[in-house]
Amino acid sequence: MTKILTALLRQHQLNVYESVKTADKNGWFHLAACFPGTGKSMLPSIAFHELQSKGFVEKVCWVTPTISLCEQACDDFSNSPINKHYQSISKMRHSTNDIDPSRGHEGYSITYGALGFDSGRLNQYEFQRFRYLLVLDECHHLSIDSKWHHSVEPLFNLTKYHLLLSGTTQRSDKEFISFLPYAEV
């Protein structure tokens, strides 16, 4: 990234950029817990473009708890200032368990609830067709062994590249957040 662009990035955005630089063919995992309104939605663009430039991923799937956040994800990804840096016209579309969910774009967004109704395993099939970066937005909504956990788990297991986004690292019910590597104390 150019010095000008890195100077414009906030610390958590730089952290993702530096972290994704360490990604290799074995995978990458990053949890970004940032306050709302701090530019968290730029992080998937940074991660996707870096991973794509290394040949590790071909597409991105951005999972959110609501349709409005899916639409925001599509808009933010498609209009990210990061695209300009990579001289890319990256686009994303909202999908609801469609065949070919990205439809020629670089990725798609979908809700956790829609994944729960994917009885035909269309999303799993898609993840077998292409190498994906999986973005779990507001990941604190996922608790271990919940319905949403079980709907995301097959996709999580089919990719090596994961970006989890949240405004908090704790759930109000004190349950563990799915897919986080908790350490015993």
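The values are calculated or read from the model by the stated rules, or taken from the named source; none is laboratory data. Everything numeric here is computed off the predicted structure, so don't read it as measured data. Cβ: placed from backbone, ideal geometry, glycine included. Neighbour counts: every protein chain shown. All accessible areas refer to the heavy atoms of the entire protein, side chains included, with ligands and DNA or RNA removed. Shrake-Rupley method; radii C 1.70, N 1.55, O 1.52, S 1.80 Å.
Once neighbouring chains are kept in place and the probe is 1.4 Å, which whole percent of the accessible area of the chain is contributed by carbon and sulfur? Taking all protein chains in place, the chain shows 52 percent carbon and sulfur surface.
Based on DSSP H segments of at least four residues, each scored -39500 (n - 2.57), the chain has a per-residue ellipticity at 222 nm of -10500 deg cm²/dmol.
The dipole here belongs to the chain: it is taken about the Cα centre, uses +1 on the Cβ of Lys and Arg and -1 on the Cβ of Asp and Glu, and is about 520 debye. Per the Kirkwood formula applied to alpha carbons, the chain shows a radius of gyration over Rh ratio, Rg over Rh, of 0.94.
Put a dot 7 Å past the Cα of ARG10, heading toward its Cβ, do the same for THR66, and the two dots end up 1.9 nm apart. Seen from every direction in turn and averaged, the convex hull around the alpha carbons of region 122-185 projects onto 4.8 nm². As a length-normalised measure over Cα pairs under 8 Å and 6 or more apart, the relative contact order of region 46-185 settles at 24 percent. Accessible surface calculations at 1.4 Å, restricted to protein heavy atoms, place the chain at 51 Å² per residue.
Shape analysis of region 89-146 yields a ratio of the Cα radius of gyration to the Kirkwood radius, Rg/Rh, of 0.96.
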